[in-house]
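Below: one structure, written as structure tokens.
The values are calculated or read from the model by the stated rules, or taken from the named source; none is laboratory data. Worth saying up front: this structure is predicted, and the values here are computed from it rather than measured. No Cβ is skipped: glycine too gets one built from the backbone with ideal geometry, and neighbour counts run over all protein chains shown. Heads up: the accessible areas ignore ligands, DNA and RNA and are worked out on the full protein's heavy atoms, side chains in. Shrake-Rupley method; radii C 1.70, N 1.55, O 1.52, S 1.80 Å.
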Amino acid sequence: MFDHVTIRASDRAASELFYELVLSTIAIEKTHTDEDFPEWDDFSLSQASDEKPVTRRLHIGFAAPSREHVDEFWRVGTDAGYRDDGSPGPRPQYRDDYYGSFLLDPDGNSAEAVHHGAMRTGGFIDHLWIRVADRAASRAFYETIAPHAGFRLKHDMADRTQFVGESGSFSLVDGEPTEHLHMAFPVDDNAQVDAFHESATSAGYRDNGGPGERPEYHNGYYGAYVLDPDGNNVELVNHNR
């Protein structure tokens, strides 16, 4: 579902240390690092600035190979002094076989290790929960871009609205909004990027960067950006690889 998800940290080094420690317990190792981003495949973080503020109030669930890995994620994190956000155990309200544990990163975002019977393939991020000010408005935005981004509305429940891809999901939940999140969805044709941007901006959503190549990332990188109703940056990208 996700090409990449990027958060911005108040202290890159502190957040990098947290994620490097806890993600290694669930067999997720860093895949790249440079002066701008450390990356763990489809997850990355960067240093916040006045122009690009800190990501707040995000929940991100990482796929764990087993329940024992979920236990270790929480044990190692809490032993290192990171804040508990939910001890290891079943969460049958999500799935009969759902097993997760939760920690808070240095900026208070909720990081989860999760194992269940429908794990995402092809990436480390199993799911996101995004808090929104107006769930109906946010649902309408994501329904507008869904045909271009390769996901669909699956559930619209009393407590959350869930969109799913071939594997992986994100949910919209009521609350003080998640801020300054970047989500990118992959496509395999530049025309899909163009259509996404045209559809969203024609519907009145805010442009955050028109379709075009971004060679600062790599040759052939073709993306476009719009803002969701809470100001989070949503991208479609074709890597042309």
> What are the extents of the Cα atoms of segment 8-59 along their three principal axes, listed from largest to smallest and rounded to whole Å?
Replying inline: 34, 24, 18
> For the chain, which whole percent of the accessible surface, found with a 1.4 angstrom probe, sits on carbon and sulfur atoms?
Replying inline: 46 percent
> Where does helix 135-149 land angle-wise versus the long Cα axis of the chain, in degrees 0 to 90, nearest 10?
Replying inline: 70 degrees
> In the Gaussian network model of the chain, springs joining C-alpha atoms below 10 Å, which of Glu20, Glu176, Glu35 carries the largest mean-square fluctuation?
Replying inline: Glu35
> When averaged across all projection directions, what area in nm² does the alpha-carbon convex hull of segment 148-241 cover?
Replying inline: 6.6 nm²
> Cα extents of segment 60-101 along the three principal axes, largest first, in whole Å?
Replying inline: 31, 19, 17
>> So if I place +1 on the C-beta of Lys and Arg and -1 on the C-beta of Asp and Glu, and nothing else carries charge, what would the dipole magnitude of the chain be about its Cα centre? I want it in debye, nearest 20.
In response: 580 debye
> Any idea what Rg and Dmax come out to for segment 1-132 if you just take the C-alpha atoms, in Å?
Replying inline: 14.0, 44
>> At a threshold of 8 angstrom on Cα-Cα distance, excluding pairs fewer than six apart, so keeping six or more, what relative contact order does the chain reach in percent?
In response: 19 percent
> If one computes P(r) from the Cα atoms of segment 77-194, what percent of pairs lie at distances over 16 Å?
Replying inline: 67 percent
> Which FRET efficiency, nearest 0.05, do His239 and Ser87 yield, Cβ-Cβ r, R0 35 Å?
Replying inline: 0.35
>> Full-extension gain between Asp34 and Ala137, please, as 0.36 nm times their residue separation minus the C-alpha to C-alpha distance.
In response: 33.4 nm
> DSSP loop GluC sites (Glu not before Pro) in segment 113-188 with at most 11 other Cβ atoms within 10 Å of their Cβ, which ones?
Replying inline: Glu166
>> For a Förster distance of 22 Å, can you work out the FRET efficiency between the beta-carbons of Asp189 and Leu153, rounded to the nearest 0.05?
In response: 0.45
>> Over the chain, what portion of Cα pair distances is larger than 22 Å, expressed as a whole percent?
In response: 52 percent
> If you build the Cα gyration tensor of segment 62-146 and take the root of 5 times each eigenvalue, what three semi-axes come out, in whole angstrom, biggest first?
Replying inline: 26, 17, 12
>> If the only charges are +1 at each Lys and Arg Cβ and -1 at each Asp and Glu Cβ, what is the size of the charge dipole of segment 128-168 around the Cα centre, to the nearest 20 debye?
In response: 60 debye
> Which residue, Ser66, Ser169, Ser138, has the most motion in a Gaussian network model of the chain that connects Cα atoms within less than 10 Å?
Replying inline: Ser66
>> Which of His148, His32, His69 ends up with the largest GNM mean-square fluctuation for the chain, with Cα atoms connected below 10 Å?
In response: His32
